[in-house]
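Enquirer: Structure in structure tokens, see below.
The values are calculated or read from the model by the stated rules, or taken from the named source; none is laboratory data. Note that the coordinates shown come from a computational prediction; the quantities given were computed from them, not determined experimentally. Note that each Cβ is placed from the backbone with ideal geometry, even for glycine, and that neighbours are counted across all protein chains shown. Quick note on the areas: whole protein, heavy atoms, side chains included, nothing else; ligands and nucleic acids left out. Shrake-Rupley method; radii C 1.70, N 1.55, O 1.52, S 1.80 Å.
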Amino acid sequence: MGLLTGSRQLDAADAHNFGVDWVIHYQFEDTEMLKAIEEFRTLIKDLQDAKLQVQVRPGYGASLLLCIRVPRDHLGNMVYKSRVKDWLYGIIHELPIGDEHTSIDSETPAEELRSVYHAVTWSKALGGAGVTAQLGPWKNVASTFPLHDPTANAKLLRKWSHTLLLNAEDLDAIRALYGEKVAYYFAFIQCYSTFLVFPAAWGIFTWLYLGPYSITSALVNCLWCIVFVEYWKIRETDLSLRWNVRGVGALKVNRPQYVWDKEVRDSVTGETVRVFPAHKQFLRQLLLLPFASIAGLALGSLIVVTFAMEILISEVYTGPFKEYLEFLPTVLFSLSLPWINDTLTDMATKLTDYENYRTQDQYDIAQTTKTFVMNFITSFLPTILTAFVYVPFGARLLPYLDVIRVGKLATAFDTRRVHIDPSRLQQEVIYLSVMGQVMSFGEEIVLPYVKRVVMQKWRDYRQKNVPAGQGRRYSYRTDQLLNDSPAEASFLSRVRNETEADEYNVHDDTLEMCVQYGYLALFGASWPLVPLGFLLNNWLELRGDFFKLSLECQRPPPIRADSIGPSLQGLEILTWLGTLSTAAIVYLYRGNMADVRLSTLLLILLAAEWAYLGLRFVVRTAVEKIATGSLRKEAAKRYALRKNYLDSLTRSTSPKGRQRVRFEDRVNVYTTGTDVRTNSQEFLHPGHHETSSEQRFWSCAAQDTADAGVRLIKALCMGDRVQSENKSEKIKKCA
């Protein structure tokens, strides 16, 4: 667990963020110096017009780090206005007391960061700076992101390394640090892993006493899938009420990329609404049909050809190098799959952009739906072909594959010697549930970690071995800007590393868990120990994902959400298909395949679908009756709040401020807005007030910040030019 828990303790310098709320990474490597200076001055002006404080520091190469802080009074006013908007749309039921100048304190770091995110990215009409990375005039803005909280991240990793499952307190901590969208993923994997305990134990019993393809085991597996999906729907609702985000999608603002045809005035709110006609968007969405058909046909054809070549070589071919050639089709397909996925993902992204969605949530739903379809084809189609084509009907189909009759190879193929091994499906499922999960973890967590460490070591080595005579020498003030002060060196090194980290996409991790669930639902009947393998993997996967989030990726903006998005519909589809697949597998593999009748198979599939619909209705009704206590509490809470508000109309009320929560203050990330604070609660952040080092960091005046950035741009551009000239001279000398 050394990789996940960290190999050293954080010191005060590593954990200190100098009051920085947000970072903008501005790159100008391929931009002329005068144009870069003009863009930089415009960027500084837009940020300062949005009432943001800015400090500039050099980044790696020809780039600048713009460290942003929102004045506390302005930030508190933004938090107040956000809560008022929540109340107007029915997200919260407690009316914030105050006026348009009121400043209140955030309950969690995520709430504060969300307001900072709005101040940086929202349009100027909404009071923001309108800075969106790599969009419009900000093509040179590589990224914008908040800084990680190393102390809180390290504490959570240490705690989770000694626990089996997450509890409500841990989920609240994630929500407080990263927002509800990320917290929903960890809540899902925690709920899914908890549910896996029963099928894992039942799988061990089945493996010992019933064996594979057991009817009883298949029924239990299908019932478990239905119960899990229906329970998770209720769990999503519970969390949305606990975190006060139910119906939060109504608050989403327009995407900067959104293009509207006309502006109309809302008859209810009186606000001006930018509209893109629904019929135009629907016509554009219809392009998904040919895209999905072509992508599915292309991927499916490639998989079928690869599968057929592998079978032909392994079962029919008897010539030389057979032990090597039988792996060649799969190796070639595996090598080409990343390129194919990237190409299809780019096409899907362009199609989603063309569909022109108003909010980011709508855009993410459309993009995730397309990605889910592609993942379904690439992940499940090979195993589906093995289960329902190759093993049951391979002996009848292989003679049609014997088409190679060239010279001496004509005698190398003998279809009469074909023997289909019925255990091939089980072997493939075992590989996917054990080796596939291990390799996926290595590619997702270990390999990026090793790559990052090696790159950092190489960068440090190059920096230490720069000859003294080649050091940059400018004016005294410029040299001061280029060289980090000892008090800031550790902090700026961490910021520069975060600028080069990948962006975290929570939808990718959610889809990964959905694919795993799909293997269990579709093919779990072939090997009873599949749930046990997934349960062991998920214990490590959960901690690995948080390790990746906190150390390998940039901290994502704390976006609010009230569900896991379209992945929920994907789970329902996989559950329905899993019922049909399980019934077919049990019928085909339990008896003699020579006795298989197509009419009987179709009747079994029809009965399985009817049973699925009936069981889902019963389970949904039962779960809603049993697990809807939170809904009744919510209704009672609404009644009590309205009654108290009615009683308060006749008497004066005095506003009661909340405990101030700032980045450098003591923050209890384990509490929610409805919890009662106690003295025994554990705090992630030590108490802290603005230190002298933080005051020095923000002591530069607004005009001096712009001048400092211009000096750095000139110095870095000239330095790159000098380095290139030195390289050319060295090459000429060598020649």
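Enquirer: Given the protein chains as shown and a 1.4 Å probe, how many square angstrom of ILE92 are accessible, to the nearest 10?
Expert: Spelled out: ILE92, probe radius 1.4 Å, area about 30 Å².
Enquirer: Under the rule of at least 5 residues apart or a separate chain, name every residue whose amide H is placed under 5 Å from the amide H of VAL273.
Expert: For VAL273, whose amide H was placed from the backbone, the distant partners under 5 Å are VAL264, ARG265, ASP266.
Enquirer: Given 20 °C and 1.002 mPa s, compute D for the stretch 22-147 with the Stokes-Einstein relation, Rh being the Kirkwood radius over Cα pairs; round to the nearest whole µm²/s. Working shown, then result.
Expert: Working: Rh = 15.6 Å.
Approximately 137 µm²/s, per Stokes-Einstein.
Enquirer: A follow-up question, please. For LEU328, what is the net charge nearby, where nearby means another residue's Cβ is under 12 Å from its Cβ and Lys, Arg count +1, Asp, Glu -1?
Expert: Details: positive: LYS322; negative: GLU310, GLU323, GLU326.
Cβ neighbours under 12 Å give a net charge of -2.
Enquirer: Can you give the FRET efficiency to the nearest 0.05 for ARG396 and MET347, using r as the Cβ-Cβ distance and R₀ = 60 Å? Intermediate values should be presented prior to the final figure.
Expert: Numbers: r = 37 Å, r/R0 = 0.62.
E(calc), rounded to 0.05, equals 0.95.
Enquirer: Got a number for carbon plus sulfur as a percent of the stretch 22-147's accessible area, 1.4 Å probe?
Expert: Working: 2680 of 5230 Å².
Percent of accessible area from carbon and sulfur atoms in the stretch 22-147: 51.
Enquirer: Among the listed pairs LYS85/LYS155; LYS45/LYS81; LYS51/LYS233, which have their C-alpha atoms separated by more than 32 angstrom in this model? Write out the running numbers ahead of the final one.
Expert: Details: LYS85/LYS155 34 Å; LYS45/LYS81 24 Å; LYS51/LYS233 42 Å.
From LYS85/LYS155; LYS45/LYS81; LYS51/LYS233, over 32 Å: LYS85/LYS155; LYS51/LYS233.
Enquirer: For HIS279, HIS74, what's the largest-to-smallest order of accessible area, 1.4 Å probe? Display every interim value, and only then the final one.
Expert: Numbers: HIS279 115, HIS74 40 Å².
So, going from the largest accessible area down, we get HIS279, HIS74.
Enquirer: At what distance in nm do the modelled label points of ASP73 and HIS101 sit from each other, each positioned 7 Å from its Cα along Cα→Cβ?
Expert: With each label point 7 Å from Cα toward Cβ, the separation is 0.9 nm.
Enquirer: Once the piece of chain linking MET435 and LEU536 is laid out straight, how much longer is it, given 0.36 nm per residue of separation minus the C-alpha distance between them?
Expert: Details: separation 101, 0.36 × 101 = 36.36 nm, distance 1.25 nm.
Taking 0.36 nm per residue and subtracting the Cα distance, the gain is 35.1 nm.
Enquirer: How large is the accessible surface of LYS625 in square angstrom, using a 1.4 angstrom probe and rounding to the nearest 10?
Expert: Counting only protein heavy atoms, LYS625 exposes about 150 Å² to solvent.
Enquirer: Give the calculated FRET efficiency between ARG265 and GLN48 to the nearest 0.05, with a Förster radius of 41 Å applied to their Cβ-Cβ distance.
Expert: Numbers: r = 32 Å, r/R0 = 0.79.
Calculated value: 0.80.
Enquirer: How far apart, in nm, are the 7 Å Cα→Cβ label points at PHE388 and ALA611?
Expert: Computed distance between label sites PHE388 and ALA611 equals 1.7 nm.
Enquirer: In addition: Just to verify a number: what accessible area does VAL79 come out at with the full protein assembly present, 1.4 Å probe, Å² rounded to tens?
Expert: 0 Å²
Enquirer: Per residue, how much accessible area does the stretch 22-147 show when a 1.4 Å probe rolls over the protein heavy atoms, in square angstrom?
Expert: Working: 5230 Å² over 126 residues.
Each residue of the stretch 22-147 exposes 42 Å² on average to a 1.4 Å probe.
Enquirer: Calculate what fraction, in whole %, of the accessible area of the stretch 328-384 sits on carbon and sulfur atoms when a 1.4 Å probe is rolled over the protein chains. Walk me through the intermediate numbers first.
Expert: Details: 1930 of 2760 Å².
Percent of accessible area from carbon and sulfur atoms in the stretch 328-384: 70.
Enquirer: Rounded to the nearest 0.05, what FRET efficiency do VAL197 and GLN703 give with R0 = 45 Å and r taken as the Cβ-Cβ distance? Could you check?
Expert: Values: r = 62 Å, r/R0 = 1.38.
After rounding, the FRET efficiency stands at 0.15.
Enquirer: Show me, for the stretch 532-539, the HN-Hα J-couplings you get by feeding each phi into the Karplus relation (A = 6.51, B = -1.76, C = 1.60, θ = phi - 60°), rounded to Hz, glycine and proline as x.
Expert: Rounded to whole hertz, the list is 5, x, 5, 5, 5, 5, 5, 4.
Enquirer: Keeping the other protein chains in place, figure out the carbon and sulfur percent of the accessible area of the stretch 485-591, with a 1.4 Å probe. All intermediate terms of the calculation are to be shown ahead of the outcome.
Expert: On the way: 1840 of 3000 Å².
The computed percentage sits at 61.
Enquirer: Also: Along Cα→Cβ, 7 Å out, is where each label goes; now give me the distance between the ones at MET455 and SER493 in nm to one decimal.
Expert: Going from the MET455 label point to the SER493 one covers 1.8 nm.
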